[in-house]
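What follows draws every value from the coordinates through simple rules; no lab data is involved. Since the model is a prediction, treat every value here as computed from it, not as a measurement. Cβ coordinates were reconstructed from backbone atoms using ideal geometry, including for glycine residues, and neighbour counts include every protein chain displayed.
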Amino acid sequence: MRNDVDSLDQMLSMLLDGAVDVLDISPDLHDTAVERYEEVGTWLAEHGSPGWRIYPQGSFRLGTVVRPGTPSGEYDIDLVCWLPLHHESTTQKKLKQRVGDQLTAYRQWKQDQGHTDGPETLEPRRRCWTLGYPGFHLDVLPAIPDEDHQPTGIRLTDKDLWEWQRSNPIGYADWFRQRSELSRQILDKRHASVADVPTWPVRSPLQRVVQILKWHCMIKFAEDPDNRPPSILLTTLAGHAYTGEEDLFTAVRSVLDNMTGFIEKREGQWWVPNPAHEEENFTDKWNEYPERRRAFHAWFDEITTTVTELADMEGKGLPAVFDRLVKSFDHDPMLRSYERYAARMGAATNQRMGATGLLSASVAGPRKREHTFHGQHSYPRD
């Protein structure tokens, strides 16, 4: 049993960390998703023309995955299929179809071999091809080099836009790792053209902050997914605003205090540039759909209010803190975190925290609330 009592910030940090740990992808499903990524990547690298390269991007690469909130929701793992072509030697349509043909051949081969672990579906989306598996899907993003932004800039296909879109997932991931103060080198024996999916046995405070922001955002926009701020925007603003805090709740407060200061206005246009590619604007849709900017600020005001109220609960005790948390976050992950925390504090199964922060058998535990499920959106922004 602990002889000391945690401060409010410590309590909140452990409760939030425990909840997002519950929301993180399970090791078994993570391993299955990575295995499918590696197999698809190896097929593309071996059956495409010489020089094809495959690497991950998005929340799997960044270590900021959050569990989908609907029973039918799926995790996604994003991979880039990079072809060594000049943009003048092909078109967006031809490039996307070329990659799609190989994915079709892969799916057919799995079926012909009688394998039951192949993709159940293969569908074209705005910028990528999506292979569906039970519990998750792979988004395969066709890309070519961006000669103007070497060595890692890429040009992307987009069925709704005439011009090639541009990005730099490798540069962005490097930037985010630097902001997280994490750098992990994974050695691999697989196909040399298929880059590994990074593993994160311990999440950094910044990674946890991003997961908390994404989680709250999913809840806020459960009924309005079209206006939900993209995960890449939240990740970028949090990455800029993070200043190295080790305590999670302190990091959340600091990020919220500073993140909107990194939203720019350039010649009348709202702008949050990709820190690895200045020409990619993560708020481009705000200029076309002003309601999306208003929705972002409504979400930001709501989570800021939540965090401010939590910060003012010194001495209120664990049940009161729990009740305030579940007004803004899902009950079940918070309850599991609460129970873990109480156990760590040495609580017996019939005990709960009293108002003083000390264990008391006379105080009722947290009440069960009706659970609602909420969806998820992650980069790429299809």
- Output the peptides 87-98, 313-324 sorted from most to least packed, where packing is the average of other Cβ atoms within 10 Å over each peptide's residues. 313-324, 87-98
- Given a Förster distance of 35 Å, the FRET efficiency implied by the Cβ-Cβ spacing of Glu267 and Glu74, rounded to the nearest 0.05, works out to 0.35
- Net lengthening on full extension, Lys327/Ser89 (0.36 nm per residue, minus Cα-Cα): 80.2 nm
- Task: Please list, or write none, the lysines whose alpha carbon is within less than 16 Å of the alpha carbon of Lys265, excluding same-chain residues fewer than 8 places away.
- Result: Lys285
- Using only the alpha carbon atoms of region 226-286, find the Kirkwood hydrodynamic radius as the inverse mean reciprocal pair distance, in angstroms to one decimal. 12.3
- Specify the inter-centroid distance of region 234-304 and region 116-166, based on alpha-carbon positions, in whole Å. 25
- Message: Under a crude label model (7 Å from the Cα following the beta-carbon direction), how far is Asp101 from Glu314 in nanometres?
- Response: 6.8
- What is the extension gain from Glu35 to Ala222, computed as 0.36 nm multiplied by their sequence separation minus the C-alpha to C-alpha distance, in nm to one decimal? 64.3 nm
- Task: Can you put Glu291, Glu38 in order of Cβ neighbours within 10 angstrom, beginning with the fewest?
- Result: Glu291, Glu38
